[in-house]
Amino acid sequence: MGNGINRPNQIAEPTRRNIADELRLRNFDPSGRLDEVSFLSRMFDLKSLPTTDYRTREFPDMAADVWQHRVNNRDWDDGWFWTDRRLNLLHVPDDAFLQFLGEMVHPIIRGDAGEREAFLEVCNRHLAPEGWEIAVVNTVGSHPIYGGRRINLIPAAAVADARAVAETLGNYVAKQVTRMEAALSGDLELAIGTAKEFIETVCRTILKERGTDLPKDDDLPALVKLTVKSLPIVPDGIEDKGKWEGTVVRLVNNLSSAGQSLAELRNAFGTGHGKDAAHKGLDMHHARLIVHLATTVGVFLYEAHDRNPGQLASREVNSDIPA
């Protein structure tokens with residue numbers, strides 16, 4: 001199981017105990033289709049943990065210990081693992097605790113949708129006051145993969161605006177927005193890398209629809225600057241248009257600077273470039289800043305384009321992947 005971030009837990013011990021108690025009262029079997037040894041081995045190296053059985057030759061490690069007392073004899077109480085000191089579930093880092101909950105509704109473990117929904121209702125009711133939820137973070141084929149996710153990592157307004165753009169541009173952009181939001185719960189490199197991809201997709205779509213030739217390289221600042229240049233800077237009919245044009249141009253040019261910074265951070269800390277094994281990434285609040293910036297910039301550029309269409313060359317509504 002992951003080591004987590006070295007900081008105080010946000011999911012308090014009483015919250016963890018409340019989840020454990022309610023799941024026990026509902027007779028929820030955490031291991032589902034598997035026996036408990038197989039289930040726990042997905043997250044813990046049971047053979048490296050000590051046994052509690054005095055017959056150490058027969059049951060030398062935790063894997064053998066659990067097999068004897070839960071599979072062979074079943075003389076341990078249900079829910080024993082919540083308070084087992086070797087697993088330490090009441091005190092492990094938040095990401096490890098959330099991973100454990102997510103594993104209980106993994107498609108390999110549990111195939112019944114009703115059971116999954118009941119489990120998620122219990123967990124998320126207790127987790128919500130702490131700012132977390134168990135939600136879909138990935139898929140394997142048609143099967144959802146669950147994990148921990150911060151609630152409202154991207155402000156509600158930013159999510160709504162970004163999803164509104166995605167509704168126009170199609171599934172490809174919708175997946176980017178979902179990926180950014182979900183990745184902030186743990187995969188910060190993916191969040192940063194996807195933020196850059198989101199702006200690139202929006203810019204390339206705007207340029208294509210305005211009939212502007214795309215740049216030959218992948219330089220994000222140049223792409224943003226070219227996109228800004230293709231858009232109306234100051235609306236016609238505004239009072240003192242000449243007076244405010246310089247101010248608005250400076251503001252828009254700052255978006256190009258933001259694109260430069262995003263490209264540099266993505267190259268250093270995002271996905272898309274290999275790092276050495278000792279690489280240390282940014283923290284949650286850095287990734288959140290980058291994702292907020294990307295959604296804000298992308299939405300602003302697309303709205304400026306969409307509200308001032310001029311002579312559009314083409315528009316492929318709801319295409320899966322913009323060319």
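Being modelled with pLDDT under 75, closer than 22 Å to Tyr172 by Cβ and in a helix (DSSP H, G or I) narrows it down to one residue among Ala287, Ala323; which is it? Reasoning before the result, please.
Working: Ala323 fails: in a helix (DSSP H, G or I).
Every option except Ala287 fails the conditions.
Each row is one residue, and each column tells you yes or no for (1) touching a Lys or Arg at 6+ places or on another chain (Cβ under 9 Å); (2) modelled with pLDDT under 80.
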residue: Gln260; (1), (2): no, yes
residue: Lys280; (1), (2): no, yes
residue: Val299; (1), (2): no, no
residue: Ala313; (1), (2): yes, yes
residue: Asn318; (1), (2): no, yes
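Testing Leu293 on (1) surrounded by 15 or more Cβ atoms within 10 Å (Cβ to Cβ); (2) at pLDDT below 65, one condition comes back false. Which one is that?
Answer for Leu293: the failing condition is (2).
Can you tell me which residue is farthest from the chain's Cα centre (by Cα) among those in the stretch 71-121 that are crowded, with 19+ Cβ neighbours inside 10 Å and of a type in the set (Lys, Arg)?
That would be Arg110.
This table checks each residue for (1) farther than 26 Å from Lys175 by Cα; (2) touching a strand residue (DSSP E or B) at 6+ places or on another chain (Cβ under 7 Å).
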{"residue": "Leu89", "(1), (2)": "yes, no"}
{"residue": "Val92", "(1), (2)": "yes, no"}
{"residue": "Ile108", "(1), (2)": "no, no"}
{"residue": "Ala118", "(1), (2)": "yes, no"}
{"residue": "Trp132", "(1), (2)": "no, yes"}
{"residue": "Val136", "(1), (2)": "no, yes"}
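Restrict the check to the stretch 59-69 and report whether at least one residue is under 30 Å from His285 (Cα atoms) and either touching a strand residue (DSSP E or B) at 6+ places or on another chain (Cβ under 6 Å) or buried (at least 17 other Cβ atoms within 10 Å of the Cβ) (or both). Write out each step before concluding.
Start the filter on the stretch 59-69 by keeping residues that are under 30 Å from His285 (Cα atoms), which leaves none.
Looking through the stretch 59-69, none of the residues is under 30 Å from His285 (Cα atoms) and either touching a strand residue (DSSP E or B) at 6+ places or on another chain (Cβ under 6 Å) or buried (at least 17 other Cβ atoms within 10 Å of the Cβ) (or both).
Confirm whether Phe44 is assigned to a loop (DSSP other than H, G, I, E, B), more than 25 Å from the chain's Cα centre (by Cα) and touching a residue at least 12 places away in the same chain (Cβ under 8 Å). Steps first, answer last, please.
Working: assigned to a loop (DSSP other than H, G, I, E, B): yes; more than 25 Å from the chain's Cα centre (by Cα): no; touching a residue at least 12 places away in the same chain (Cβ under 8 Å): yes.
Against the criterion (assigned to a loop (DSSP other than H, G, I, E, B), more than 25 Å from the chain's Cα centre (by Cα) and touching a residue at least 12 places away in the same chain (Cβ under 8 Å)), Phe44 does not qualify.
What about Asp21, is it among the acidic types (Asp, Glu), assigned by TED's automatic domain parsing to the domain that holds Trp132, out of contact with any Asp or Glu (no Cβ under 7 Å at 6 or more places or on another chain) and not in a loop (DSSP other than H, G, I, E, B)? Steps first, answer last, please.
On the way: among the acidic types (Asp, Glu): yes; assigned by TED's automatic domain parsing to the domain that holds Trp132: yes; out of contact with any Asp or Glu (no Cβ under 7 Å at 6 or more places or on another chain): yes; not in a loop (DSSP other than H, G, I, E, B): yes.
Yes.
Contact list please: Cβ distance under 6 Å, first residue in the stretch 111-127 and under 14 Å from Pro30 (Cα atoms), second residue among the aliphatic types (A, V, I, L, M) and at pLDDT 95 or above, pairs at least six apart or on different chains.
Cys123/Ile19; Cys123/Leu101
Pick from Thr194, Thr205, Thr168, Thr212: which is among the hydroxyl-bearing types (Ser, Thr, Tyr), outside any helix (DSSP H, G or I) and modelled with pLDDT of 80 or more? Please lay out each step first, then the result.
Working: Thr194 fails: outside any helix (DSSP H, G or I); Thr205 fails: outside any helix (DSSP H, G or I); Thr168 fails: outside any helix (DSSP H, G or I).
Going through Thr194, Thr205, Thr168, Thr212 in turn, the sole match is Thr212.
The values are calculated or read from the model by the stated rules, or taken from the named source; none is laboratory data. Note that the coordinates shown come from a computational prediction; the quantities given were computed from them, not determined experimentally. For neighbour counting, all protein chains shown are included, and Cβ atoms are generated from backbone atoms with ideal geometry for every residue, glycine included.
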